[in-house]
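The values are calculated or read from the model by the stated rules, or taken from the named source; none is laboratory data. As the structure is a prediction and not an experimental result, all values here were calculated from the model. Cβ sites come from the backbone with ideal geometry, for glycine too, and all protein chains shown count toward neighbours. Ligands, DNA and RNA are stripped out before the accessible areas are found, and what is left, the full protein with its side chains, is counted by its heavy atoms. Shrake-Rupley method; radii C 1.70, N 1.55, O 1.52, S 1.80 Å.
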Amino acid sequence: ACSHTNNWCNEFNATILDIHGWPDVIIAGPLFASIVNDDVKAEAAQRGIPVIILKDQNAAKTEWKTFIDLAERFEALAKALGADVEAHTAQDKQNFCAQAAEFREISREASQRGVRALAGYMPFGSADPDTGNINAMLQPPDRNPALMMLEELGMSIIHPHTSQSGYYEFMYPAWGGVTMPATGIMSTPMSNGATVPYNADFFLYEPRGALDFTSDSFAAAWPHPAVVAKQYAYYPIITLHYSWRHATDILAVVGAKLSTAAKLDAAEVRPPYTSPTQSEDRL
């Protein structure tokens, strides 16, 4: 009923299924598993229809699954439903492993250059007409499966200030945040009132804001050095399909842009990267 709004939609019209027929099984999740509410589950149970919920987090929202964890869960589901999983995924897994190894090296070299990324839904709504600042919803890499995969493979991604279970840091005054300037990005105030700088050299943007974020007009209106230099890539959050092929595509797209990204804040000096092997040798 609300899907036409292109926004958060959490309605399930079971009457349509009464008219056109119910499925043999209902599979929901991970991102919008809550749409299959208790009423829908009860009606499905009356008809003997199993409901499978695949979640990307635990109930307390303290543990989150990475993209690969969820790919394995969907693979197990496909196998349980009778698919020949091995035959269909063998080549995709080989391609993923090769791409993951390449991305790990790209991340290592980017870290040596001091490149750090900031992820989120940017811009969110219209810019402030007086300051040019934008609204944004910044996402911690440990709360999104695709970002978790990128970070696990070595990409340096800034962890925004959120609550323990928060999905975003809202840089949005109407929701208690602050607007985001093109230079000198700072966190929202912490419990002690302090803020910290977000010195980003690279952006990971959600597809929902892609057309705005990648436009020349946005770079002119919000000239952050990374936006002007086009040091950015998308990360998926909506309409994810957790497959090895999709994981490979994500690494290829982000890796291609990260491989040429430069450190943009010359005044910020970071210690040289030390691999675990080098650390072990010194020990």
Worksheet item: Within the stretch 151-198, can you find the residues that are touching a residue at least 24 places away in the same chain (Cβ under 8 Å) and charged (D, E, K, R)?
Response: Glu152, Glu169
Worksheet entry | Tally, over the stretch 105-143, of residues that are closer than 17 Å to Leu204 by Cβ and in a helix (DSSP H, G or I) | 7
Response to the item:
Log entry, pairs with first residue in the stretch 1-19 being open to solvent by 70 Å² or more (accessible area, probe 1.4 Å), second being at pLDDT 75 or above and part of a loop (DSSP other than H, G, I, E, B), beta carbons closer than 6 Å, six or more apart or on different chains, reads Ala1/Glu11; Ala1/Asn13
Worksheet, complete the sentence: The correct count of residues that are open to solvent by 20 Å² or more (accessible area, probe 1.4 Å), farther than 20 Å from Ala261 by Cβ and among the small types (Gly, Ala, Ser) in the stretch 156-174 is 3
Worksheet item: Is at least one residue of the stretch 143-155 in contact with a Ser or Thr (Cβ under 8 Å, 6 or more places away or on another chain) and open to solvent by 40 Å² or more (accessible area, probe 1.4 Å)?
Response: yes
Worksheet item: Just checking, which of Gly132, Gly177 is at pLDDT below 95, on the phi > 0 side of the Ramachandran plot and either open to solvent by 10 Å² or more (accessible area, probe 1.4 Å) or out of contact with any His (no Cβ under 6 Å at 6 or more places or on another chain) (or both)?
Response: Gly132
Item to complete: Residue by residue through the stretch 57-80, note down the ones that are open to solvent by less than 60 Å² (accessible area, probe 1.4 Å) and either over 28 Å from Cys97 (Cβ atoms) or out of contact with any Phe, Trp or Tyr (no Cβ under 6 Å at 6 or more places or on another chain) (or both).
Response: Asn58, Trp64, Thr66, Phe67, Ile68, Glu75, Ala76, Leu77, Ala78
Response to the item:
Going through the stretch 40-56 in order, the residues found to be open to solvent by 40 Å² or more (accessible area, probe 1.4 Å) and either within 25 Å of the chain's Cα centre (by Cα) or modelled with pLDDT under 90 (or both) are Ile52, Ile53, Lys55
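Of all residues in the stretch 73-120, count the ones that are among the charged types (D, E, K, R) and within 19 Å of Thr248 (Cα to Cα).
So the answer is 9.
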Worksheet, complete the sentence: Selection from the stretch 207-246 of residues aliphatic (A, V, I, L, M), assigned to a helix (DSSP H, G or I) and open to solvent by less than 70 Å² (accessible area, probe 1.4 Å) yields Ala210, Ala219, Ala221, Ala226, Val227
